[in-house]
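Accompanying notes for the structure given below.
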Amino acid sequence: MAPILHALAQEQERLSQQERRIADFILSSPSEVVHMGIKELAEQCGTSPATVTRFCKAFHLKGYPDLKVKLSAEIAHTEMQERSGISSYQDIVANNPLSQIVEAMEANHLASIRDTTSLLDMDRLAQAIRLLCAADRIDLYGVATSSIVAQDFYQKLIRIGKNCTAFADSHMQITSASTLSGRDVAVAISYSGETLETIDALACAKDSGAATISLTSYSSNTLAAMADIPLFASSLEKGMRRGDMASRIAQLHLVDILFMGMNSEQFGQYVPKLEQSYHNVQNYRKSRGGHFQA
């Protein structure tokens, strides 16, 4: 199922009665919705255009036109998949031949990257990049699988001279968040958007005056609602037993986009530092007889 439709299906129990009618109609007839005006959809669902607009914004969309554009793209891609016989995400299967495991992992990772790209809001992305470039200090919060993503971003940022921290320990996250200021940025990473330790750290950063960015799955979640700039990775198919594999790829994809955007935005400042750090590591390896890897 496509990212937006999957999110609608996941969130139905949390919706009000009116919102649930809208979600039900979109899920049952997405192709029709693409060609309907907001008043027509509201009439079909027994609600008002204002409720439809609020519904769209609850799912992090700019409005009803944005919903139709994204739905249209998802429908087109789903149809292409069906014609090619490729499913979206493939789960773990007992006694699966190794060749099929390799193919499944490739398909899952490609789908995760593709679906995440389709969810990107360019305005939010550009704003996040500007904040990160201007930040005096950057805090990165994440636990479990998300801490690996935070560490990856940390290793990238120190290569271009950014002052940043990426503590996996929740107490240290709070301690660090407490010392931020209005000149700093906190980035909270949680696929579910409901990791309590990460929520607490971001709340503390907000209280300290820092700008906040979240990286979560595409859903209505606490972390995204808290952040000044919510960014989203794809939501995996329901029933995936090892969703952390593709979710990690999706989050790393977002991190790479942010990092490349920062380098492009401040090319003259960051790229020389990136090149210098690379050469310094290479020289260190040579001086140690080539036994150390970067």
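The values are calculated or read from the model by the stated rules, or taken from the named source; none is laboratory data. Here the structure is a predicted model, which is why all the values come from computation and not from measurement. FYI the Cβ positions are ideal-geometry reconstructions off the backbone, even for glycines, and counts take in every protein chain you see. Surface areas here come from the heavy atoms of the whole protein model, side chains and all, with no ligands, DNA or RNA. Shrake-Rupley method; radii C 1.70, N 1.55, O 1.52, S 1.80 Å.
Using Cα positions and a limit of under 20 Å, work out the aspartates and glutamates in reach of Lys286, with same-chain residues fewer than 8 apart set aside.
Filter leaves Glu275.
Two decimals is fine: what is log10 I(q)/I(0) at q = 0.10, 0.16, 0.17, 0.19 Å⁻¹ for segment 174-280, from a Debye sum with one equal scatterer on every Cα and no solvent?
Here log10 of I(q) over I(0) equals -0.36, -0.82, -0.88, -1.00.
Using a basic spin-label model with each label point 7 Å from the Cα along Cα→Cβ, how many nm lie between His171 and Thr117?
So the label points at His171 and Thr117 sit 4.4 nm apart.
Would you calculate, for the chain, the mean residue ellipticity at 222 nm contributed by helices, counting each DSSP H stretch of 4 or more residues as -39,500 (n - 2.57) and dividing by all residues, to the nearest 500?
Rounded to the nearest 500, the figure is -20000 deg cm²/dmol.
Which percent of the Cα-Cα distances in segment 125-187 go past 18 Å?
The answer is 32 percent, as a whole percent.
Compare Lys156, Lys62 by solvent-accessible area with a 1.4 Å probe and give them largest first, with all protein chains kept in place. Please report the intermediate quantities before stating the final value.
Details: Lys156 45, Lys62 120 Å².
Ranked list, largest accessible area first: Lys62, Lys156.
For Tyr141, Tyr278, what's the largest-to-smallest order of accessible area, 1.4 Å probe?
Of Tyr141, Tyr278, the descending order of accessible area is Tyr278, Tyr141.
Give me, ordered by chain and number, the residues 5 or more places off Thr212 or on other chains with an amide H under 5 Å from its own placed amide H.
When sequence neighbours closer than 5 places are left aside, the close amide H contacts are Ala186, Asp228, Ile229.
Which order do the peptides 39-49, 204-214 come out in when sorted by mean C-beta neighbours inside 10 angstrom, highest first?
The most tightly packed comes first, giving 204-214, 39-49.
Taking the Cα of Lys273, stepping 7 Å toward and past its beta carbon, and measuring to each backbone N in segment 171-188: which are under 18 Å?
181, 183-187
Set Lys and Arg Cβ to +1 and Asp and Glu Cβ to -1, take the dipole of the chain about its Cα centre, and tell me which of Gln173, Ala111, Ser277 lies farthest positive.
Result: Ser277.
Roughly what angle does helix 122-134 make with the longest principal axis of the chain, taking Cα atoms, 0 to 90 degrees, to the nearest 10?
20 degrees
Students often get this wrong, so check it: of Lys39/Lys68; Lys39/Lys70; Lys156/Lys273; Lys62/Lys162, which have C-alpha atoms separated by over 23 Å?
Lys62/Lys162
Diagonalise the Cα gyration tensor of the chain and give the resulting equivalent ellipsoid semi-axes, square root of 5 times each eigenvalue, largest first, whole Å.
So the equivalent ellipsoid measures 36, 25, 17 Å along its semi-axes.
Calculate how steeply helix 196-207 sits against the longest principal axis of the alpha-carbon atoms of the chain, using the helix alpha-carbon long axis, and give the answer as 0 to 90 degrees to the nearest 10.
Compared with the principal axis, the helix lies near 80 degrees.
In degrees from 0 to 90, rounded to the nearest 10, what is the angle of the helix 98-118 Cα long axis to the longest principal axis of the chain?
Between helix and principal axis, roughly 80 degrees.
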